[in-house]
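The structure under discussion appears below in the form of structure tokens.
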């Protein structure tokens, strides 16, 4: 299992522990858009990006989230909403891990 897959599983468990229901993992539409985790808490759906870095040398995992990636996340969230017919609240989120031990770097919900 790749470390990115392990990080996504750990993020899903963290979200469930915080009261979220996982709706989808690795939701994709063609090769156009991908969302690591789609989850729901109360009446809000969160499209969550999971980030990983091997060390803090270049900053934390969340620091790797740039404006281009955020635009991609927004587009993917809107596509998910359209494809599923979801008309409720929709937020972006990010969970970051650093190092081989997958130390929790930061959780940003909503983004």
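Remarks
- Residues that are touching a strand residue (DSSP E or B) at 6+ places or on another chain (Cβ under 6 Å) and modelled with pLDDT of 95 or more, drawn from segment 26-42: 27, 35, 36, 37, 38, 39, 40
- Boolean, residue 109 is touching a strand residue (DSSP E or B) at 6+ places or on another chain (Cβ under 6 Å) and surrounded by fewer than 18 Cβ atoms within 10 Å (Cβ to Cβ): yes
- So residue 9, is it touching a strand residue (DSSP E or B) at 6+ places or on another chain (Cβ under 8 Å) and free of Cβ contacts under 8 Å to residues at least 12 places away in the same chain: no
- Pairs are defined by a Cβ separation below 6 Å, a sequence spacing of at least 6 or placement on different chains, a first member in segment 29-49 that is over 12 Å from residue 81 (Cα atoms), and a second member that is part of a loop (DSSP other than H, G, I, E, B); the pairs so defined are 39/20; 41/19; 41/20; 43/88.
- Hits in segment 44-61 (condition: modelled with pLDDT under 95 and out of contact with any helix residue (DSSP H, G or I) (no Cβ under 7 Å at 6 or more places or on another chain)): 54, 55, 56, 57, 58, 59, 60, 61
The values are calculated or read from the model by the stated rules, or taken from the named source; none is laboratory data. Because the structure is predicted, anything quoted here is derived from the model rather than measured. All Cβ positions, glycine included, derive from the backbone under ideal geometry; neighbour counts span all protein chains shown.
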